[in-house]
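> This is the structure I want to talk about, given as structure tokens.
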Amino acid sequence: MSDPESFRSEVRDWLEANCPPEMRQPVRDEEDVYWGGRNASFKNDAQKAWFEACRDKGYTVPEWPKEYGGAGLTPAEGKILRQEMARIGARPPLSSFGIWMLGPALLHFGTEGQKQRFLNEIARGEIRWCQGYSEPGSGSDLVSMQTFGEDKGDHWIVNGQKIWTSYADEADWIFCLVRTDKENKYQGITFMLFDMANDGVSTKPIKLISGNSPFCETFMDDVKVPKSYGEDIPGYVGEINRGWDVAKYLLGHEREMISATGGGDRASSLGAVTSRQGELDPVLRAEMAMFDVDALSFTAMSEKFMDELKVNKGHPAQPNMLKYAGTELNKRRHELLMAAGGSRALEWESEETSGGKTARGWLRTKANSIEGGTSEVMLNVISKRILDLPGA
Amino acid sequence: MSDPESFRSEVRDWLEANCPPEMRQPVRDEEDVYWGGRNASFKNDAQKAWFEACRDKGYTVPEWPKEYGGAGLTPAEGKILRQEMARIGARPPLSSFGIWMLGPALLHFGTEGQKQRFLNEIARGEIRWCQGYSEPGSGSDLVSMQTFGEDKGDHWIVNGQKIWTSYADEADWIFCLVRTDKENKYQGITFMLFDMANDGVSTKPIKLISGNSPFCETFMDDVKVPKSYGEDIPGYVGEINRGWDVAKYLLGHEREMISATGGGDRASSLGAVTSRQGELDPVLRAEMAMFDVDALSFTAMSEKFMDELKVNKGHPAQPNMLKYAGTELNKRRHELLMAAGGSRALEWESEETSGGKTARGWLRTKANSIEGGTSEVMLNVISKRILDLPGA
Amino acid sequence: MPLYHDEDQAMLAETAQQFMAEQGAIKDQLRHWRDRNCKDGFGHALWKQFAEMGFTGILVGEDHGGLDMGHVEAGIVLEEIGRNLTPSPFLSSSVLAATALKHGSDDVKGRWLPDMVAGEKVYAVAIDEGPKHRPERIACKAEKSGNGFRLSGKKDFVVYGASAEMIVVAARTSGSDSDEDGLTLFAVPQDANGMSHDSVRLVDSSMASHITFDGVELDGDAVIGEVDGGRAVLNAMLTAGRVGAAAEGVGVARGAMDMTVDYLKQRKQFGKLIGEFQALQHRAAHLYSEVEIARAVTIKAAQLLDGGSEQAELMSSVAKAKVAKAAGLAVREGVQMHGGIGMTDEYDIGLYMKRDRALQEFLGDQYYHANRVAELSGY
Amino acid sequence: MPLYHDEDQAMLAETAQQFMAEQGAIKDQLRHWRDRNCKDGFGHALWKQFAEMGFTGILVGEDHGGLDMGHVEAGIVLEEIGRNLTPSPFLSSSVLAATALKHGSDDVKGRWLPDMVAGEKVYAVAIDEGPKHRPERIACKAEKSGNGFRLSGKKDFVVYGASAEMIVVAARTSGSDSDEDGLTLFAVPQDANGMSHDSVRLVDSSMASHITFDGVELDGDAVIGEVDGGRAVLNAMLTAGRVGAAAEGVGVARGAMDMTVDYLKQRKQFGKLIGEFQALQHRAAHLYSEVEIARAVTIKAAQLLDGGSEQAELMSSVAKAKVAKAAGLAVREGVQMHGGIGMTDEYDIGLYMKRDRALQEFLGDQYYHANRVAELSGY
């Protein structure tokens, strides 16, 4: 790697030159996030300029190889870039389940042809992906899924229903777990890739207790999924009937992602923030202090985890612990935010609360310990894989 | 029942005349407790006078029938007596596992002959009993016990070992669960009664983390236990091989007893008591306040439970809940007492702490959620018998 | 008095349970009015039925058409309201306002109570000034003006304020913001000039007002109780309201718990009913304990209040705090144990979570009341 | 700096782990000295071995025979001390006193440090005045007297005070009890006239002194650092000590947890290994999370301290509080999961509970430090 300090100053210069001032403001709402895709449009010129500069530099996926649209940075360089972006408060130029989830799976399991095509499309924000894992009735128990793909030689005919597919109504393609062997519980699932524009695919948004949500139900009705999209580009990742390996790998990755952000706005003291809104009742203040002890400690744990990850230290099941602790902490944070906000925070639609932002945010966190593996599943995994408890 | 108010004033007069002022002081240590038994001696004249007055009035066991040494009070009268004794801070005249445990079992399962003999002995403080339930290695799983009584016609020869027998080294007789059928897990246990002076019985005190304890290991080495102590006086309670029914009944009773006292010194605010020793740190004060909320609430629950018990209301498994909540609360109480006491409370032998009273008391409470059924067993029972959860 | 419902109370409980399950069910009331975006947030027809059942007059003397019962009885109705999440002005009108009016002159009582008992009118109470409950500090001012008063200031979190025919307002007639004395309670009619509502929908779909009093002229007969002696009336009203809110919270907790325990017996994961998983069993059993304890202390507080005990004030705070803890646990465990579908608007468990949150905040949350327990205990 | 042990630190950890398991084991040290009712409460021979290993001089500069390492390294040794419950004056002498002496003149350093590094002498620190840790308030007085000072007052909870050849005493040379300025630290030799110990055994079998200073005459060269400028030295010493105590607490927590997890794999009840019960599995997994997090923040605090960061003070309190919470959970779960035998003196799990309690109290408990986190964060 290059000399860290010279790399850092290089990055600073580049950011100075390329990150518009508007893109250094905190993200306020969904509009401020750029997801890319076929139908994407930019909110304003600054968003466009920032995205395009990053895309051209490979900074939408800085640690991916250059031939797949990344900048080929080392982990240490990647950390410096993140630090420098954080320092000026730069927004992510591109958000995408392709970056967070499919990409890592393809980097690990994909063919060269898949990487060339799909990773570049993701890095350049051309295709927006969504994830098809859960089904109604399967919940934490993913292998009980029912969506079935009938083998028709060069393609499958897929029928079934997925739930909790985020932004399915805005996504271009889906990576989707489909049962291809009814006899074999684990080794009978294939990790398929297909276009949401295919005939027979439809979506329906799910309304949550926090209000409208990015989640959808996705229905597949005789959807034709080709086994190949061209030379060395299979229509599935890994092997046929071995999609569970890919899904497990990806779940682990998802947990890492969630665990790394689990503590929410972590570095700052919650008590300090909330006490600015008004004097805290003494008992609430004590609760805030106890929370801050836990939250600041968790920040250190996240940092330790990320540092160890880069050098392959730490127990491989550790992300489950971070996911558990981080999401439980985030729920507690929002309970306290509600308490500090008092009756004002109860408002659901008022202008003063930007349409019930505090309340909706609080309710939204309740899903943290359900999505991406429930807290109970995390505890099971810790019991079994880390503590090696019998029968776990 | 008699007119409550006239009964109350009668009780007041009697207490005024019979309860010496020394017996209206709080119990400070083991010496202040009168346990009765063959080898009992009184600490002072006041203790003797108070015991004898109560014994003669039937007030050592006020709600037991008069023919068995009680006063034959109705539940409502019993409550009035307890209230009046509490009002003047009167000490219990006699403490005894006979009163708390064996007595209720005999009242329910005993023959007339057993009641005449054993209940009167208990009520008059003549025989001190201890309990032989747990064994090393059986813990919460009572039915796995190994102590075996070989049937020899008119008697058994008992061999085995019991643990956690309180005051076994000072008791006269033991009520003891003994396996009499090795094939039958539940219906192969007999609830035997025998004299600790029998050949082959020996005891060894157990040292606890809190220091010396009333608990003993009790060893039985070819102990002869007669099947009968005279006409209509079997040497066991209930039926042979059906001792588990008696034990279960008694465990329930024990839980009621523990649950009724679980909150410790419950009516007063812990924060009020500890803040008198010195100013509480603000966060500790908040913890005290949250504890007081729970403790004062539990006091109401205990009262509700006792009131309902008298009229046979409430779920029969409710004592398990009280036992669970009460003992967990008491452990928390003592954690907070240690925190309030600071480094002084850490002292183990010093005069200023009466030999480490705070620390030893704190450690002692850790057994609360183990003895008389662990918290985990209580939660299992609640799941199964109250919530009716599957497979519980 | 034994700490359980006597025969009459048990009968009332049965009646209330049946009535609320039939008339106040979630789909017929809460969802119905919510989905229609109703500006009242509750149904007037149901309020009429409350009156027909006699519920509205539980705390009102027979002179004014009431049943002259106590807070235990009010709590029985509130527990069923909580269990069914029934939107209703019962707590505001028939507990809080009714308790305040009890301290009024015969004139005041005669003017307001019979219409409320008859289900013709609903009342609200205006206490908070700011997002947190701090009744120790009242800045709203009522200055002498002619034979009456001129009311100025702002009030927040006035539940069902915009729908109320009359609002009980705590205002300062002398002294400074944090003074114990110098408060007076007023019955301010809906059509008072200079009173304006900013009515907002809350997370639980109930409605609440931010009210501005811009020199509202009030007759002398709007005064409830003594001028400058309102603190005692306010305290009585708050204690009654807190015990009532605790009772409703017990209902919310039990409703959420029952729904969750049922779910544990139906939902399968990994080839087993999830209720077979011991970790969930123990959490459910712990929750059961907490809810039972919260219920016991709530009934205790109501009994103490009915008996005129000095302990009632302390125990009302204990009950309010304990119920907040237990009900909070019930709804959090409820949503978590339901898993993904618990997060959807389609399932009722989330509605319990929302109602619990609003109820926790009303008349002081667990932190406020734990602090008050410490203060009343002298530390 | 990455938040894990670098290669040298990992090697030190391995060495310390092996050494402490072999030389500092519970049966050979804690039980050995305890059962002999030893008035020191620790073994001098082991202290010599600490010196031979170089542990005693980890925080001492090379000029005085030390290794000139940092708090991460001291924490590594302390974690192993905690895990084996090894009674040792390491925290008092080699962390607290050593940190104070670092701020002394060359004379002071030369006089005290080499003997400590060599394992010849042990030192103690006298801070608390009363049963709770309140270093903001120091009433012990040192008045000018000739060329030196005259020390009067009382100190409590001086761990291993009666065995120490020298005691670092925080005393007031000007100002009043709660003043920030006006403190001075003194190195008071064991044989000082007028110093008397009331030495008591604590719950964890360690020894601590109540010390009375009855006009103890001290030379001017007993002063550590600047006269009246002792607050900074005291704070540095406290921060170092808290991070060290947290590291030891992590060891206690891990020792108790490991012992308990092992037990879950061996003990049978109802025909199953108790580790098969999901309710215990989840509690063990939660405990594991808490202990790992506590360990992470403790290493973080040590790194910040070594790096001279402004955040070190805040994070030392965060770490001390978090470790107290996690270790408290570890020992409570440990005893409960062991069941009856966990209550007997024969089993080691109870010893972890006792040590944890004393360590929690030392240099401020979780409540003190949570409050300090709030204050340092400005609320």
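> Among the residues of region D:227-248, is any assigned to a strand (DSSP E or B), outside the structural domain of residue D:73 (by TED's automatic domain parsing) and surrounded by 20 or more Cβ atoms within 10 Å (Cβ to Cβ)?
No; the residues of region D:227-248 include none that is assigned to a strand (DSSP E or B), outside the structural domain of residue D:73 (by TED's automatic domain parsing) and surrounded by 20 or more Cβ atoms within 10 Å (Cβ to Cβ).
> Ok, one more. Looking only at region A:337-354, count how many residues are on the phi > 0 side of the Ramachandran plot and not in a helix (DSSP H, G or I). Working first, answer last.
Of the residues in region A:337-354, the ones on the phi > 0 side of the Ramachandran plot are A:342, A:354.
In the following step, the residues that additionally are not in a helix (DSSP H, G or I) were identified as A:354.
Of the residues in that region, 1 qualify.
> Related question: May I ask you to list pairs of residues, at least six apart or on different chains, whose Cβ atoms are under 6 Å apart, with the first in region A:327-351 being facing chain C (nearest Cβ under 8 Å) and the second being aromatic (Phe, Trp, Tyr) and open to solvent by less than 20 Å² (accessible area, probe 1.4 Å)?
Close Cβ pairs (under 6 Å, with a partner that is aromatic (Phe, Trp, Tyr) and open to solvent by less than 20 Å² (accessible area, probe 1.4 Å)) amount to A:338/A:362; A:343/C:157.
> Check off (1) farther than 22 Å from residue D:365 by Cα; (2) in a helix (DSSP H, G or I); (3) open to solvent by 20 Å² or more (accessible area, probe 1.4 Å) for residue B:334 and give me the number that stays unchecked.
Among (1) farther than 22 Å from residue D:365 by Cα; (2) in a helix (DSSP H, G or I); (3) open to solvent by 20 Å² or more (accessible area, probe 1.4 Å), residue B:334 violates only (1).
> Given the conditions (1) within 9 Å of another protein chain (Cβ to nearest Cβ); (2) more than 19 Å from residue D:326 (Cα to Cα); (3) open to solvent by 20 Å² or more (accessible area, probe 1.4 Å), and given that residue D:266 satisfies all but one, which numbered condition is not satisfied?
Of the numbered conditions (1) within 9 Å of another protein chain (Cβ to nearest Cβ); (2) more than 19 Å from residue D:326 (Cα to Cα); (3) open to solvent by 20 Å² or more (accessible area, probe 1.4 Å), the odd one out for residue D:266 is (1).
> If we scan region A:249-258, do we find a residue that is modelled with pLDDT of 85 or more, away from chain B (no Cβ under 14 Å), closer than 29 Å to residue A:178 by Cβ and open to solvent by 10 Å² or more (accessible area, probe 1.4 Å)?
Looking through region A:249-258, at least one residue is modelled with pLDDT of 85 or more, away from chain B (no Cβ under 14 Å), closer than 29 Å to residue A:178 by Cβ and open to solvent by 10 Å² or more (accessible area, probe 1.4 Å).
> Only strands (runs of 3 or more DSSP E) wholly contained in region C:113-178 count here; list those with 1 or more residues that are among the small types (Gly, Ala, Ser) and surrounded by 24 or more Cβ atoms within 10 Å (Cβ to Cβ).
Because the criterion is at least 1 residues that are among the small types (Gly, Ala, Ser) and surrounded by 24 or more Cβ atoms within 10 Å (Cβ to Cβ), the strands (runs of 3 or more DSSP E) in region C:113-178 that meet it are C:123-126, C:141-145, C:166-172.
> Now for a separate question. When region C:311-336 is examined, which residues are found to be open to solvent by 10 Å² or more (accessible area, probe 1.4 Å), over 17 Å from the mean Cα position of the chain (by Cα) and more than 13 Å from chain A (Cβ to nearest Cβ)?
C:311, C:314
> Next question. From the list D:339, D:364, D:308, exactly one residue is within 14 Å of chain B (Cβ to nearest Cβ), surrounded by fewer than 24 Cβ atoms within 10 Å (Cβ to Cβ) and not aliphatic (A, V, I, L, M). Which is it?
Details: D:364 fails: surrounded by fewer than 24 Cβ atoms within 10 Å (Cβ to Cβ); D:308 fails: within 14 Å of chain B (Cβ to nearest Cβ).
After applying the criteria, what remains is D:339.
> Out of A:323, A:357, A:384, report the one residue that is more than 10 Å from chain C (Cβ to nearest Cβ), more than 24 Å from residue A:295 (Cα to Cα) and of a type outside the set (A, V, I, L, M).
A:384
> So which residues in region A:55-92 are open to solvent by 10 Å² or more (accessible area, probe 1.4 Å), of a type in the set (D, E, K, R) and either in contact (Cβ under 8 Å) with a residue 40 or more places away in the chain or touching a His at 6+ places or on another chain (Cβ under 7 Å) (or both)?
Within region A:55-92, A:55, A:57, A:67, A:77, A:79, A:91 meet the criteria.
> Among D:363, D:314, D:329, D:305, which is touching a residue at least 40 places away in the same chain (Cβ under 8 Å) and outside any helix (DSSP H, G or I)? Lay out the reasoning, then the answer.
Values: D:314 fails: outside any helix (DSSP H, G or I); D:329 fails: outside any helix (DSSP H, G or I); D:305 fails: outside any helix (DSSP H, G or I).
The match here is D:363.
> Can you tell me how many residues in region C:339-359 are closer than 21 Å to residue C:81 by Cα and either among the hydrophobic types (A, V, I, L, M, F, W, C) or free of Cβ contacts under 8 Å to residues at least 60 places away in the same chain (or both)?
So the count comes out to 9.
> Condition (residue is polar (S, T, N, Q), surrounded by fewer than 24 Cβ atoms within 10 Å (Cβ to Cβ), within 14 Å of chain B (Cβ to nearest Cβ) and in contact with a helix residue (DSSP H, G or I) (Cβ under 8 Å, 6 or more places away or on another chain)) applied to region C:271-285: is it met by at least one residue?
yes
> Just to confirm my filter: which strands (runs of 3 or more DSSP E) fall fully inside region B:148-211 and include at least 1 residues that are in the same structural domain as residue B:229 (by TED's automatic domain parsing), farther than 30 Å from residue D:34 by Cβ and open to solvent by 40 Å² or more (accessible area, probe 1.4 Å)?
Those strands (runs of 3 or more DSSP E) span B:148-151, B:155-166.
> Check whether at least one residue in region C:64-74 is within 24 Å of residue C:34 (Cα to Cα) and within 14 Å of the chain's Cα centre (by Cα), and report yes or no. Please lay out each step first, then the result.
Taking region C:64-74 first, the residues within 24 Å of residue C:34 (Cα to Cα) are none.
The answer is no; no qualifying residue exists.
> Is it true that residue A:135 is crowded, with 20+ Cβ neighbours inside 10 Å, of a type in the set (Asp, Glu) and out of contact with any helix residue (DSSP H, G or I) (no Cβ under 6 Å at 6 or more places or on another chain)?
Yes.
> Considering every residue within region C:94-112, establish whether at least one is of a type in the set (A, V, I, L, M, F, W, C), out of contact with any His (no Cβ under 8 Å at 6 or more places or on another chain) and part of a loop (DSSP other than H, G, I, E, B).
no
> Among the residues of region C:367-376, how many are open to solvent by 10 Å² or more (accessible area, probe 1.4 Å) and either of a type in the set (Phe, Trp, Tyr) or facing chain A (nearest Cβ under 8 Å) (or both)?
3
> Being open to solvent by 30 Å² or more (accessible area, probe 1.4 Å) and touching a strand residue (DSSP E or B) at 6+ places or on another chain (Cβ under 6 Å) narrows it down to one of D:214, D:198, D:221, so name that one.
D:198
> Next question, about the same structure. Considering only region D:35-62, how many residues are hydrophobic (A, V, I, L, M, F, W, C) and in contact with an Asp or Glu (Cβ under 6 Å, 6 or more places away or on another chain)?
Result for region D:35-62: 1.
> Being among the acidic types (Asp, Glu) and under 20 Å from the mean Cα position of the chain (by Cα) narrows it down to one of B:231, B:239, B:217, so name that one.
B:217
> Quick check on region A:321-331. Is at least one of its residues part of a loop (DSSP other than H, G, I, E, B) and either crowded, with 18+ Cβ neighbours inside 10 Å or hydrophobic (A, V, I, L, M, F, W, C) (or both)?
no
> Considering only region B:306-317, state which residues are within 8 Å of another protein chain (Cβ to nearest Cβ) and open to solvent by less than 30 Å² (accessible area, probe 1.4 Å).
Those that are within 8 Å of another protein chain (Cβ to nearest Cβ) and open to solvent by less than 30 Å² (accessible area, probe 1.4 Å): B:307, B:308.
> Here's something else I'd like to know. Restricting to region C:143-180, name every residue that is more than 26 Å from the chain's Cα centre (by Cα) and of a type outside the set (D, E, K, R).
Those that are more than 26 Å from the chain's Cα centre (by Cα) and of a type outside the set (D, E, K, R): C:145, C:146, C:147, C:148, C:149, C:173, C:174, C:175, C:176.
> Still on this structure, I have one more. From the list D:21, D:45, D:51, D:10, exactly one residue is part of a helix (DSSP H, G or I) and buried (at least 17 other Cβ atoms within 10 Å of the Cβ). Which is it?
The conditions single out D:51.
The values are calculated or read from the model by the stated rules, or taken from the named source; none is laboratory data. Here the structure is a predicted model, which is why all the values come from computation and not from measurement. So basically every Cβ, Gly included, is an ideal-geometry build from the backbone, and we count neighbours across all protein chains shown. Protein only, heavy atoms only, side chains kept; ligands, DNA and RNA dropped before computing areas. Shrake-Rupley method; radii C 1.70, N 1.55, O 1.52, S 1.80 Å.
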